[in-house]
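The values are calculated or read from the model by the stated rules, or taken from the named source; none is laboratory data. Just so you know, these numbers come straight off a predicted model, no measurement behind them. In this analysis, Cβ positions are derived from the backbone assuming ideal geometry, glycine residues included, and neighbour counts consider all displayed protein chains. With ligands, DNA and RNA removed, areas are computed over all heavy atoms of the protein, side chains included. Shrake-Rupley method; radii C 1.70, N 1.55, O 1.52, S 1.80 Å.
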Amino acid sequence: MNIIMCLCRNRFVLLILSVFVLLMGTFTQAQENYTKARQAMIKEIEADARITSFYINKKEFDPKVMAAMSKVPRHEFVPWQERLSAYANRPLPIGHGQTISQPYIVALMTDLLKPERQQKVLEVGTGSGYQAAILAELVAEVFTIEIIEPLGNQAKERLKQLNYRNVTVRIGDGYYGWEEQGPFDGIVVTAASSHIPPPLIQQLKPGGRMVIPVGSRFMVQQLVLVEKDAKGNVTTRQILPVRFVPLTGKH
Amino acid sequence: MMENKKPPPFYSIALLSASSLAYEVLLMRLFSIIQWHHFAYMIISLALLGYGASGTFLSLTAHRLLPRFPLAYLGNVAMFGLSAVGCYLIAQQVSFNPEEILWDPNQPLRLLLIYLVLTLPFFFVANGIGLALTHYRGEITRVYAADLLGASIGSLSIVLLLFLVYPATALQILGTLGFAAAALASWELKYQPRRIALVLILLSFTPLMLPAGWLALAISPYKGMNQSLQISGTRIIDEYSSPLGLISVMESSQIPLRHAPGLSLNASGEPPSQLGVFTDADAMTVITAHTDERDKLSYLDQVTSALPYHINKPEKILILGAGGGAEVLQANYHGAGHIDAVELNPQIIDLVREKYKDFAGGLYTAANVDVHIAEARGFVSGSAERYDLIQIALLDSFGASSAGLYSLSENYLYTVQALQEYLARLSPGGMLAISRWIKLPPRDTLKLFATAVEALRQSGIDESGNRLVLIRGWQTSTLLVKNSPFSEKEILGIKKFCEARSFDTAYYPGITAAETNRYNVLAEPYFFQGAQVLLSDEAATYLQNYKFNLQPASDDQPYFFHFFKWGALNEILALRGQGGMPLLEWGYLILIATLIQALIASVVLILLPLLLSRRLLNKKTKNISHSRISGYFIALGLAFLFIEIAFIQKFILFLHHPLYATAMVLASFLLFAGLGSAWSQRYANPQSDKNGVKGAVTGIISVGLLYLLALGPLFSMLNWLPIFMKVIISVLLIAPLAFCMGMPFPLGMARLGKAAPAFIPWVWGVNGCASVLSAVIATILAIHFGFTVVVISALMLYGMAMLVFNGGWGKE
């Protein structure tokens, strides 16, 4: 009896063990796959950046930005049913009519902000929290505001689990920025608005930069870069994400 | 065949045909609400291939179905009632998102599923009518007449119905009518057992009893209204529906809407509280709360469209596309004297004038404001007033505009002729101001500039350069066209206005490169460069080399929003990975995609019966030429709709209301074509059918040519008439043309009925396919060559059809 029991128990333990090992195997396998996919994504972004150099006046994105892109696990920021496409160079739906931006556009927007280690950045429109995570890798503090409550809570939870301690998520209206924490070195506005909220311009430090993607949820038509110079004068630069000259011929 | 055959179920056929035409219009309405207009167009075009599929199906099965005609007919008609409701409800549950179509392989499959499901209702209708045509082949002309007359009634009734009920209710009613058409047939055909009629009548109530939850419209989460509704505190407080659109009023109780597109970077204030008004769940306009604090409205002076108020003090103002009243408020803010505000949709006017009158502070009932329910162009051409300022608002939403969704829609607001009419209505020193969204690379703004240059040139003004001003922010641009040269002082005012708001001047008389591209910096000063070149001798080369189509639109080619050029397609597709997709002008590509899909499906549907059906290939018919028959019916199918579509557009310019003109012209064409078909019965014999077709085609060609030459001058001569007179004149003008157009098809069918009846279902399918292709090809032709060419092509096709008919069906 005992022996049988023992055997049984051993088998049971064995079974548990083997299932565990198997699961671990799949888990590490999956992690490896994601890492590989992420590396492929980085290659693609780098190739795209070379073609776009015309607009951003340099041949490649800031290596710091690319390092952040290759570190942040994008698949953690998409709904489970989209995980297989997480590293495809395209925007994905994340529910509530919102999207996680195309990786290339995220890299371009982050690069346009010229992030530095000691900086403070504000994001209006947290969404999945992916952009905030990328910024958190690059700057000292990220403050992010999401107007859609369930999305904001999800992002807050997610960023906490992934240990992004320098990101603060708030749920609410982003129109007035985050006065207590301002002014900011950089601001990203991904929430749709009919115009650039004046309070955000005010909360931009002299020398600061604000980036706004313009278009629909799935297609960014252009990026607007708002720059405030040392004297506080504000200008915008309108940037097409791609190298496309409207005229053929020599013009 | 059978002795003592009962008369055809004319009433049932007419009711079925009326319901199916109404259903087609309704589907367009429903899909414009839940999806976007251009995809609605593609989905419905392809669903109509159900007619072609029915022809194929009947070719193969008619010999089994015809002996049981009453049952087969009843069954198909009842199935229409069932599928009209059921298939829509299924199709709207397929979560299709057009914006992902080039990325996500699942999307095309979902789209295919939507087509296939929606094909069914049309398939059943076509089966019913096709069976009737085959069964009563001695009376084909009269059966076909019932079909056309029914369609005529349907085209008018659906417009009326959509005024009375919400689209979802209209869907239930059409389902009911489908079953009613079956019940009617069982009575007309004296179908035994009689209790079947009772069952059908009972069934006809089922669509009306569907739970409300099933009927709720599944609107795409990416449409503007659903995006806004994600924000807490927002809710729809009012809904109105008409064939012009579904109007939803949204309140945002926690977070203000703050709708102020194009606001200057230097602005400080924010707008007062606002209500959002959506049309078809998109294209938001706002009703702004009344406020006595002038400061709160200062944002109205911080947008590009405020420019004309800073040049001279316009007293008499015309606002086209007034919507919720933002531009009227802006004019009041700047101390306007009298304002005429024109808006097409009476339900939007009522919101501001009645329902939310207090909220809006009586904006539309103020003593200095006259609000007119009218189409903008029609109002201008019928007016004898002179204005100091004609302001054309930003009518479309940025999203729809930037994705190129309007490229298929005819638009008579921004044509060369339209601009000429506006200019003719200006007082001395008066100005026309048109604002547009900025797109990159520039499209609308530069095309509008080119249009203005052309309009001035055609009005006999050579020095157009000193009458134009173009300014831009990062979001919007405003073009001014003055009817006299701008003075030095005025130009100084313009510069001051722009400098204070960080807007850029892109063109004014005497501008230098250094004065452009300062605040909203582009890689190159595209707008300045474009404006300069468009005023120079190199304009033609520039238009040629530009990667988007900037050629001004005309009344004959009214496609202002058609920017697509084939030359740029490869380059744009290659840029897909870097977010190059917004450069694609979707509307046109969808049109082409529709054509390709319809063409492939049609070829399969037409050839399949020839390959599979022994009846079409047996001894009796081996001398019949397939190509001659299909040539005749394809030519007719193409030509009929070519003329119908082209004349709808010609009459819109006369009747000035896109909706009423379309319904009225369509109904008249179908009515008189139906009468023509009934009349053609007297020619339906081997001795005189050639003469019938010859007479009809001669009539079509001569009247068609006459109208091409005479309608334009006639319409401008009669433009002063009241609308009911115009309608009567239009009906009278359509009558002879449509009457003749109703004859060739039934005469061809009748001849076929004698020579080779097995071909009738096949020809019915050929006609169905040709009709789908026709609508698409007509639009493509109009975009590239204009509606005149569409009409001429139709006349040539009729001529060809006549030659084929004269030669007979036999092989040569």
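Scanning segment B:471-493 for residues that are modelled with pLDDT of 95 or more and among the aromatic types (Phe, Trp, Tyr) gives a single hit, B:486. Filtering segment B:88-108 to residues that are closer than 25 Å to residue B:25 by Cα and open to solvent by 70 Å² or more (accessible area, probe 1.4 Å) leaves B:90, B:93, B:95.
Of all residues in segment B:642-667, those that are polar (S, T, N, Q) have Cβ atoms under 7 Å from Cβ atoms of residues that are outside any helix (DSSP H, G or I) and surrounded by fewer than 24 Cβ atoms within 10 Å (Cβ to Cβ), 6 or more apart or on another chain, in B:649/B:410.
Once segment B:483-505 is narrowed to residues that are on the phi < 0 side of the Ramachandran plot and within 14 Å of chain A (Cβ to nearest Cβ), the residue that is surrounded by the most Cβ atoms within 10 Å (Cβ to Cβ) is B:503. For segment B:645-659, a residue qualifies if it is open to solvent by 10 Å² or more (accessible area, probe 1.4 Å) and within 18 Å of residue B:556 (Cβ to Cβ), and the qualifying residues are B:645, B:648, B:649, B:650, B:652, B:653, B:655, B:656, B:658.
Being within 12 Å of chain A (Cβ to nearest Cβ), within 24 Å of residue A:246 (Cβ to Cβ), surrounded by 15 or more Cβ atoms within 10 Å (Cβ to Cβ) and of a type in the set (A, V, I, L, M) holds for only one residue in B:480, B:522, B:468, and it is B:522.
Determine which single condition residue A:123 fails, assuming it passes every other condition in (1) within 13 Å of another protein chain (Cβ to nearest Cβ); (2) under 22 Å from residue A:149 (Cβ atoms). Just one mismatch for residue A:123, condition (1).
For segment A:90-103, check the following and say yes or no: at least one residue is farther than 15 Å from residue A:217 by Cα, within 12 Å of the chain's Cα centre (by Cα) and surrounded by 24 or more Cβ atoms within 10 Å (Cβ to Cβ). No, segment A:90-103 contains no residue that is farther than 15 Å from residue A:217 by Cα, within 12 Å of the chain's Cα centre (by Cα) and surrounded by 24 or more Cβ atoms within 10 Å (Cβ to Cβ). Looking at segment A:204-234, which of the residues that are more than 22 Å from the chain's Cα centre (by Cα) and under 20 Å from residue A:121 (Cβ atoms) is nearest to the other protein chains (Cβ to nearest Cβ)? Checked segment A:204-234; the qualifying residue nearest to the other protein chains (Cβ to nearest Cβ) is A:234. Do we have residue A:127 as in contact (Cβ under 8 Å) with a residue 12 or more places away in the chain, within 15 Å of the chain's Cα centre (by Cα) and on the phi > 0 side of the Ramachandran plot here? The answer is yes for residue A:127.
Highlighted here are the strands (runs of 3 or more DSSP E) found entirely within segment B:331-440 that include at least 1 residues which are over 19 Å from the mean Cα position of the chain (by Cα) and under 30 Å from residue B:781 (Cα atoms): B:387-392, B:426-437. In this structure, residue B:162 qualifies as touching a strand residue (DSSP E or B) at 6+ places or on another chain (Cβ under 9 Å) and part of a helix (DSSP H, G or I).
Within segment A:68-100, the set of residues being out of contact with any Gly (no Cβ under 8 Å at 6 or more places or on another chain) and either in a strand (DSSP E or B) or among the polar types (S, T, N, Q) (or both) comprises A:70, A:81, A:85, A:92, A:93, A:95. Scanning segment B:525-548 for residues that are closer than 24 Å to residue B:417 by Cβ, open to solvent by less than 30 Å² (accessible area, probe 1.4 Å) and more than 9 Å from chain A (Cβ to nearest Cβ) yields a total of 4.
For (1) open to solvent by 10 Å² or more (accessible area, probe 1.4 Å); (2) in contact with a helix residue (DSSP H, G or I) (Cβ under 9 Å, 6 or more places away or on another chain); (3) within 17 Å of residue B:771 (Cα to Cα); (4) modelled with pLDDT of 85 or more, each residue gets a yes or a no:
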{"position": "B:568", "(1), (2), (3), (4)": "no, yes, no, yes"}
{"position": "B:587", "(1), (2), (3), (4)": "no, yes, no, no"}
{"position": "B:609", "(1), (2), (3), (4)": "no, yes, no, yes"}
{"position": "B:614", "(1), (2), (3), (4)": "yes, no, no, no"}
{"position": "B:632", "(1), (2), (3), (4)": "no, yes, yes, yes"}
{"position": "B:661", "(1), (2), (3), (4)": "no, yes, no, yes"}
{"position": "B:665", "(1), (2), (3), (4)": "no, yes, no, yes"}
{"position": "B:672", "(1), (2), (3), (4)": "yes, yes, no, yes"}
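Yes or no: segment B:398-421 includes at least one residue that is over 26 Å from residue A:218 (Cα atoms), within 13 Å of chain A (Cβ to nearest Cβ), open to solvent by less than 10 Å² (accessible area, probe 1.4 Å) and in contact (Cβ under 8 Å) with a residue 60 or more places away in the chain. Checked segment B:398-421: no residue is over 26 Å from residue A:218 (Cα atoms), within 13 Å of chain A (Cβ to nearest Cβ), open to solvent by less than 10 Å² (accessible area, probe 1.4 Å) and in contact (Cβ under 8 Å) with a residue 60 or more places away in the chain.
Does any residue of segment B:682-689 turn out to be under 24 Å from residue B:17 (Cα atoms) and in contact (Cβ under 8 Å) with a residue 12 or more places away in the chain? Checked against the condition, which is being under 24 Å from residue B:17 (Cα atoms) and in contact (Cβ under 8 Å) with a residue 12 or more places away in the chain, segment B:682-689 yields at least one hit. Restricting attention to segment B:558-600, the residues that are in contact with a His (Cβ under 9 Å, 6 or more places away or on another chain) and among the β-branched types (Val, Ile, Thr) add up to 1.
Total residues in segment A:235-251 satisfying the condition of being hydrophobic (A, V, I, L, M, F, W, C), touching a strand residue (DSSP E or B) at 6+ places or on another chain (Cβ under 8 Å), closer than 19 Å to residue A:107 by Cβ and facing chain B (nearest Cβ under 7 Å): the figure is 1. Entry remark, segment B:162-179: residues being open to solvent by 30 Å² or more (accessible area, probe 1.4 Å) and either under 14 Å from residue B:208 (Cβ atoms) or hydroxyl-bearing (Ser, Thr, Tyr) (or both) number 5 in total. Could you tell me whether residue A:221 is crowded, with 18+ Cβ neighbours inside 10 Å and without any contact (Cβ under 8 Å) to a residue 40 or more places away in the chain? So residue A:221 passes the test. Among the residues in segment B:324-337, are any touching a Gly at 6+ places or on another chain (Cβ under 6 Å), closer than 19 Å to residue B:392 by Cα and open to solvent by 20 Å² or more (accessible area, probe 1.4 Å)? Scanning segment B:324-337 turns up no residue that is touching a Gly at 6+ places or on another chain (Cβ under 6 Å), closer than 19 Å to residue B:392 by Cα and open to solvent by 20 Å² or more (accessible area, probe 1.4 Å).
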